[in-house]
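For reference, the structure is listed below as structure tokens.
The values are calculated or read from the model by the stated rules, or taken from the named source; none is laboratory data. As the structure is a prediction and not an experimental result, all values here were calculated from the model. Cβ placement follows ideal geometry from the backbone for every residue including glycine, while neighbour counts extend to all protein chains displayed. What goes into the accessible areas is simple: the full protein's heavy atoms, side chains included, and nothing from ligands, DNA or RNA. Shrake-Rupley method; radii C 1.70, N 1.55, O 1.52, S 1.80 Å.
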Amino acid sequence: MATHHAAPGEIVDLAHWADDLHYEKTKAIIETEEIELARLVIPRGKMLPNHKVSAPIIIQCIKGDIEFTAMGTTQELHSGQLFYLNPGEPHSLKGVEDAVILLTILFAG
């Protein structure tokens, strides 16, 4: 089955995104030439190794906690918090608790 992407004007219910946390599903929500929005599930203890994205990114923690390493420091990101990184900034993350995060990638349009 193809992944459903939200259409312009379609409401996306963030409140229910964490309901399937234990199914470990990552979902692309919006994907256009200008923006990509994805829900990522990061189980406790899972590590996403050092990588970088060629566009600015915003990470918003919807549920749980993650440990985020970038720009020479490691910080915890908790539910309700977000951060921004410049293009090409190497970073890694780890689930401190089962977490759901919202990833936004902003491509030059």
(Q) Take residues that are among the aliphatic types (A, V, I, L, M), open to solvent by less than 20 Å² (accessible area, probe 1.4 Å) and touching a strand residue (DSSP E or B) at 6+ places or on another chain (Cβ under 9 Å) and tell me which of the strands (runs of 3 or more DSSP E) falling wholly in the range 39-109 contain 3 or more. (A) 99-106
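Okay, residues lined up against (1) β-branched (V, I, T); (2) free of Cβ contacts under 8 Å to residues at least 60 places away in the same chain; (3) in contact with a helix residue (DSSP H, G or I) (Cβ under 8 Å, 6 or more places away or on another chain):
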position	(1), (2), (3)
K63	no, yes, yes
E67	no, yes, no
G72	no, yes, no
Y84	no, yes, no
G88	no, yes, no
H91	no, yes, no
V96	yes, yes, no
Q) Given the conditions (1) at pLDDT 80 or above; (2) over 12 Å from the mean Cα position of the chain (by Cα); (3) among the acidic types (D, E), and given that E24 satisfies all but one, which numbered condition is not satisfied? A) (1)
